[in-house]
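Just below is one structure, and these are the notes that go with it.
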Amino acid sequence: MIERIVIVDSVEPICFYGVNNANMQLIKNLYPKLRISARGSVIRVVGEESETKDFEAKIKELATYAEHYNSLTEEVIIDIVKGHTPKEPRSDGAIIYGINGKPISGRTPNQQKLVATFEEKDLTFALGPAGTGKTYIAIALAVRALKNRQARKIILSRPAVEAGEKLGFLPGDMKDKIDPYLQPLYDALEDMIPAMKLREYMESKIIQIAPLAFMRGRTLNDAIIVLDEAQNTTTHQIKMFLTRLGMNAKMIVTGDVTQIDLPKSTQSGLVQALKILDGVPGVGKVEFGKKDIVRHSLVQRIVEAYERHDAEEAQRAKELARLAAEQQDSDS
């Protein structure tokens, strides 16, 4: 009789062991001759050498499956333990599998184009209105690169700019003050990475979320870097950010040039960067439109209504300017 210790720290315990340890109980039933105990990420098994060796190999295979798909079902456990190839979940071209095994994929042609452009280019601009999935797909691509060990860390950033309202003094420490600006990034990550694993990544700084101002002076190597809401960067800020790109790193910059919250006298760094970097090798651009909106169907109608309003206002302003010019000519 020998004892083996198997470590399964790459996967969320609740995903691997199941609710109320249901998966672990099934595994014990499939290995009736072994004495198996589990605590945290450590599984101890005692039995004959050949059977404990098989047990260790199958547990590692189960952990790899659970890490990839964020799910582990009774059917999969039985297939793997019995040496069969488990049936793969329906993928629909999944970038990654989120919480509870939900496939996250490019649902529109432009979302799929963003995936393809990211693979080809080191710097990708993703532009378009709210609800088109720009940031969500960008973060999914970053998580996939981390899982596939194509990058050692993820850096997510946003400019801390108030959206048309003055928030005044915010209580708390620095994290309390900046977290409200960064919450959309946390929301996306929580859809894709189990809570305990996400906490571990953030505590070890494998995933870093920080305001744009915190990027100055850094060189970001072996990383996937995402800058969200880039339309609210100044010209100096976006140049500073883009030049943080280090070796073996990729960057995605997202923004909506119709929702700039900067003072009217300040030029958007994103608008300027798109002009300056147009045609530069290694730089890609994907433009999203109303048809890419994947939120509530009403969001698309809201965007269309505002576009009609803006067009009418522009036409009205043009007409007023024409009338003013005619009046000036007649006065003179």
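The values are calculated or read from the model by the stated rules, or taken from the named source; none is laboratory data. As the structure is a prediction and not an experimental result, all values here were calculated from the model. No Cβ is skipped: glycine too gets one built from the backbone with ideal geometry, and neighbour counts run over all protein chains shown. SASA here: full protein model, heavy atoms, side chains in, ligands and nucleic acids out. Shrake-Rupley method; radii C 1.70, N 1.55, O 1.52, S 1.80 Å.
As for the stretch 271-286, it holds no residue that is part of a loop (DSSP other than H, G, I, E, B), of a type in the set (S, T, N, Q) and closer than 30 Å to L114 by Cα. For R4, the stated conditions do not hold, so it cannot be described as part of a loop (DSSP other than H, G, I, E, B), among the charged types (D, E, K, R) and open to solvent by 20 Å² or more (accessible area, probe 1.4 Å). Filtering A116, A63 for residues that are within 30 Å of G279 (Cα to Cα) and either of a type in the set (A, V, I, L, M) or in a loop (DSSP other than H, G, I, E, B) (or both) leaves a single hit, A116. Only a single criterion out of (1) modelled with pLDDT of 85 or more; (2) open to solvent by less than 50 Å² (accessible area, probe 1.4 Å) is not satisfied by V303, namely (1). Just so you know, in the stretch 236-260 the residues that are in a loop (DSSP other than H, G, I, E, B) and β-branched (V, I, T) include one that is most open to solvent (accessible area, probe 1.4 Å), and it is T258. Of all the numbered requirements in (1) open to solvent by 50 Å² or more (accessible area, probe 1.4 Å); (2) in contact (Cβ under 8 Å) with a residue 60 or more places away in the chain, E88 misses one, and that requirement is (2). Restricting the first member to the stretch 118-135 and to residues that are farther than 8 Å from V283 by Cβ, and the second to residues that are open to solvent by 20 Å² or more (accessible area, probe 1.4 Å) and of a type in the set (D, E), the beta-carbon pairs closer than 8 Å and six or more apart or on different chains are L127/E287; G128/E287.
Of all residues in the stretch 299-322, those that are over 13 Å from T258 (Cα atoms) have Cβ atoms under 9 Å from Cβ atoms of residues that are assigned to a helix (DSSP H, G or I), 6 or more apart or on another chain, in Q300/K290; Q300/K291. Of all residues in the stretch 264-291, those that are of a type outside the set (A, V, I, L, M, F, W, C) and under 13 Å from T235 (Cα atoms) total 7.
Within the stretch 122-139, the set of residues being open to solvent by 10 Å² or more (accessible area, probe 1.4 Å) and either within 10 Å of I252 (Cα to Cα) or among the acidic types (D, E) (or both) comprises D122, L123, K134, T135.
Screening T258, T254 for residues that are in contact with a strand residue (DSSP E or B) (Cβ under 9 Å, 6 or more places away or on another chain) and among the hydroxyl-bearing types (S, T, Y) leaves exactly one candidate, T254.
Within the stretch 12-37, the residues that satisfy the criterion of being open to solvent by less than 50 Å² (accessible area, probe 1.4 Å), touching a strand residue (DSSP E or B) at 6+ places or on another chain (Cβ under 8 Å) and either in contact (Cβ under 8 Å) with a residue 60 or more places away in the chain or outside any loop (DSSP other than H, G, I, E, B) (or both) are Y17, M24, I27, I36. So how many residues does the stretch 126-154 have that are basic (K, R), closer than 19 Å to E229 by Cβ and at pLDDT 95 or above? Of the residues in the stretch 126-154, 0 are basic (K, R), closer than 19 Å to E229 by Cβ and at pLDDT 95 or above. When S157 is tested against (1) modelled with pLDDT of 90 or more; (2) buried (at least 19 other Cβ atoms within 10 Å of the Cβ); (3) assigned to a helix (DSSP H, G or I), exactly one condition is not met: (3).
From the list T219, T233, the lone residue that is of a type in the set (S, T, Y) and exposed (fewer than 15 other Cβ atoms within 10 Å of the Cβ) is T219.
For the stretch 88-105, name all the residues that are in a loop (DSSP other than H, G, I, E, B), over 15 Å from A188 (Cβ atoms) and in contact with a strand residue (DSSP E or B) (Cβ under 9 Å, 6 or more places away or on another chain). P89, R90, S91, D92, G93, listed by residue number. Of all residues in the stretch 44-66, those satisfying the criterion of being farther than 17 Å from N21 by Cα, in contact (Cβ under 8 Å) with a residue 40 or more places away in the chain and open to solvent by less than 60 Å² (accessible area, probe 1.4 Å) are V46, G47, T52, F55, E56.
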